[in-house]
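Novice: Handing you a structure now.
FYI, it's all coordinate maths here, none of it is from the lab. The structure displayed is predicted, hence computed values, not measured ones. Because the Cβ atoms are built from the backbone with ideal geometry, glycine has one as well, and the counts that use them run over all protein chains shown.
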Amino acid sequence: MSGHTNDDLATYLSAAIQRIDAGEAASPKGSHLAGIFSRAATAFEKETKSYLSRVMAECGINFETDVRPNLREQPTFEKLTLGQSIVALQETARQRSIVFSKQLPNGLSLKSLVGTLDGVNRAWVAVKHGRQPSEATLVAELRSMRAAVQAFQREAPGS
């Protein structure tokens, strides 16, 4: 899924969830499901950064001067992890709360968006560090990714 688009990720997630629901992703120790999840999470991290970039632009936030100094380890934008992207979204909201709230996808609050992203991030960190979350957790977070990607596609009411 290199060079993926938002539509590609949404399609991949929908197809993966359909395969899982049909029992086509079963493997000993859940390694196939973890592979599906890792592939999706890698693309999701990129999609979240793309969303963050759009929101910062709409809010008049400069990553280098307004956000990066407030991040632990102060990574470049290109090196942001999903967890750091969550913190950057929160920092953008803190600095420009009224403008930021107009950039949220329809029906989402900052709290619900952060909760969704954080759940995906916790599962992904566990997978990357060899602590296999339950199959139910991975499937739930794949569904969360799909919902977030679909929300990122929708225009915010203030756009």
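Novice: For residues that are free of Cβ contacts under 8 Å to residues at least 40 places away in the same chain and not polar (S, T, N, Q), scanning just the range 90-107, find the one that is surrounded by the fewest Cβ atoms within 10 Å (Cβ to Cβ).
Specialist: Ile98
Novice: Would you call Ser134 closer than 24 Å to Ala15 by Cβ and loosely packed, with under 13 Cβ neighbours inside 10 Å? Steps first, answer last, please.
Specialist: Values: closer than 24 Å to Ala15 by Cβ: yes; loosely packed, with under 13 Cβ neighbours inside 10 Å: yes.
Taking the combined requirement at face value, the residue satisfies it.
Novice: Quick one: in the range 28-50, which of the residues that are hydroxyl-bearing (Ser, Thr, Tyr) and surrounded by fewer than 22 Cβ atoms within 10 Å (Cβ to Cβ) is nearest to Ser101 (Cα to Cα)? It would help to see each step written out before you state the result.
Specialist: So in the range 28-50, the residues hydroxyl-bearing (Ser, Thr, Tyr) come out as 31, 38, 42, 48, 50.
If we keep only those that are surrounded by fewer than 22 Cβ atoms within 10 Å (Cβ to Cβ) too, we end up with 31, 38, 42, 50.
Values: Ser31: 39, Ser38: 30, Thr42: 27, Ser50: 17 Å.
Among them, the one singled out is Ser50.
Novice: Only residues in the range 52-80 that are within 14 Å of Ser97 (Cα to Cα) count as the first member; pair them with residues that are loosely packed, with under 15 Cβ neighbours inside 10 Å, Cβ under 6 angstrom, at least 6 apart or cross-chain, and list the lot.
Specialist: none
Novice: Within the range 134-146, is even one residue assigned to a helix (DSSP H, G or I) and over 16 Å from the mean Cα position of the chain (by Cα)? Walk me through how you get there before you give the answer.
Specialist: To start, the set of residues in the range 134-146 that are assigned to a helix (DSSP H, G or I) comprises 135-146.
Next cut, over 16 Å from the mean Cα position of the chain (by Cα) only: 135-136.
Yes, there is a match, as at least one residue in the range 134-146 is assigned to a helix (DSSP H, G or I) and over 16 Å from the mean Cα position of the chain (by Cα).
Novice: Another question, if that's okay. Residues to consider are Leu110, Leu117; find the one that is closer than 15 Å to Phe152 by Cα and surrounded by fewer than 19 Cβ atoms within 10 Å (Cβ to Cβ).
Specialist: Values: Leu117 fails: surrounded by fewer than 19 Cβ atoms within 10 Å (Cβ to Cβ).
Residue meeting the stated conditions: Leu110.
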